[in-house]
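K.L.:
Structure incoming, see below.
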Amino acid sequence: MARQQIGLAGLAVMGQNLVLNMESKGFSVAVLNRTGSKTKDFVEGPAAGKNIHATYDPKGCCAALQQPRKVMMMVKAGPAGDAMSEQFLPSLDEGDL
């Protein structure tokens, strides 16, 4: 599997549209959502046939990315965002964004 250029966590309306826009500009994107079924529905629906790769946890998302890793979080600020950040940190290295 080729590694993706950007990772994006959070596939609500804004996250999905951002991913589709990035992919339309030539970027490959690894995506995940806290709810795995939402990730699956997105990659099999609006993202079908596009250079968008489903991942189902932060560790898998980081493993799917080129180094240095670039991850965007489109997650609600507060406890949800803090929890997602904490889940990503063990899989990120110095120099990752």
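The values are calculated or read from the model by the stated rules, or taken from the named source; none is laboratory data. Keep in mind that this is a model prediction, so the values were computed, not measured. Glycine gets a Cβ as well: all are built from the backbone with ideal geometry, and neighbour counts include every protein chain shown. Please note that ligands, DNA and RNA were not included when accessible areas were found on the heavy atoms of the full protein model with its side chains. Shrake-Rupley method; radii C 1.70, N 1.55, O 1.52, S 1.80 Å.
K.L.:
Given labels modelled 7 Å from the Cα in the Cβ direction, how far is it in nm from residue 94 to residue 2?
P.N.:
In this crude label model, residue 94 to residue 2 measures out at 3.2 nm.
K.L.:
For the chain, just the Cα atoms, rotate onto the principal axes and tell me the three extents in Å, largest first.
P.N.:
32, 27, 19
K.L.:
On a full-extension model of 0.36 nm per residue, what is the gain between residue 67 and residue 14, subtracting their alpha-carbon distance, rounded to one decimal in nm?
P.N.:
16.5 nm
K.L.:
Same structure again: Where does the range 1-56 land on the Kirkwood hydrodynamic radius, alpha-carbon pairs, in angstrom?
P.N.:
Here the Kirkwood hydrodynamic radius works out to 10.8 Å.
K.L.:
For n ≥ 4 DSSP H runs only, could you compute -39500 (n - 2.57) per run for the chain, divide by its residues and tell me the 222 nm figure to the nearest 500?
P.N.:
Helix contribution divided over all residues of the chain: -11000 deg cm²/dmol.
K.L.:
Whenever you get a sec, compute what percent of the accessible area on the chain sits on carbon and sulfur atoms (1.4 Å probe).
P.N.:
Here carbon and sulfur together make up 54 percent of the probe-accessible area.
K.L.:
Another question about this same structure. What order, most packed first, do the peptides 12-22, 50-60, 72-82 have when packing is the mean number of other Cβ atoms within 10 Å of each residue?
P.N.:
The packing order, highest mean first, is 50-60, 12-22, 72-82.
K.L.:
Please report the relative contact order for the chain, taking Cα pairs under 8 Å with a sequence separation of at least 6, and give it as a percent rounded to a whole number.
P.N.:
Answer for the chain is 33 percent.
K.L.:
Could you report the range 34-97's accessible area per residue, 1.4 Å probe, as an integer in Å²?
P.N.:
I get 63 Å² per residue for the range 34-97.
K.L.:
Here's something else I'd like to know. To the nearest 0.05, how large is the calculated FRET efficiency for residue 21 and residue 86 if R₀ is 25 Å and r is the Cβ-Cβ distance?
P.N.:
Taking R0 as 25 Å, the efficiency between residue 21 and residue 86 is 0.35.
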